[in-house]
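J.: Let me give you the structure first, and then I'll get to my questions.
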Amino acid sequence: QLRLVESGGDSVQSWGSLRLSCTTSEFAVNYYAIGWFRQAPGREREGVSCIDRVGGEGIPVYADSVKDRFTISRDIAENTIYLQMDGLKPEDTAVYYCATRSAWPHYKCSGDPPQVRDFTSWGRGTQVTVSS
């Protein structure tokens, strides 16, 4: 498994913004698709967004619940994947994880939000708390 590290979680009020970061020292983030997931207390982990590997033909994907509020991006020089979260709501409160899949076949971001079962390497998460 590959090691990923998330950061940027914090406590904010409704309609606030946060930018989460996902970085690694073990591979170049342009090599594999990277997914963002979240898990709220008492709920299953769910896919939030995905960005395909460079050279893959996928497009960024978002769950319906975050579409038009969250933006995923990649900074190759920083070897970091970002999740810009705007218009935060209390229901966005969760631990946020980034994950990747290095095994063949490479994961392709397309259409549906990423699924937990398709990813094999995970970070430890960063807490996001949104208060009303």
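J.: What whole-number value in cubic angstrom gives the convex hull volume per residue for the C-alpha atoms of region 1-40?
T.: Looking at region 1-40, the number lands at 102 Å³ per residue.
J.: Evaluate E = 1/(1 + (r/R0)^6) for E91 and T120, where r is the Cβ-Cβ distance and R0 equals 30 Å; express this FRET efficiency to the nearest 0.05.
T.: E(calc), rounded to 0.05, equals 0.60.
J.: Given Cα pairs under 8 Å that are at least 6 residues apart, what percent is the relative contact order of the chain?
T.: 37
J.: Pulled fully out, how much extra length does the chain show between T129 and W15, if you take 0.36 nm times their separation in residues and subtract their Cα-Cα distance? Don't jump to the answer; show the numbers that get you there.
T.: Working: separation 114, 0.36 × 114 = 41.04 nm, distance 1.20 nm.
Value of the extension gain: 39.8 nm.
J.: How far, in nm, would the chain grow between S25 and S65 when pulled straight, counting 0.36 nm per residue and subtracting the alpha carbon separation?
T.: Difference between extended and current length: 11.3 nm.
Where a number appears in this text, it was derived from the coordinates with a stated rule and is not lab data. These numbers come from a predicted model, not from an experiment. With ideal geometry, Cβ positions are generated from the backbone for all residues, glycine too; neighbour counts draw on all protein chains shown.
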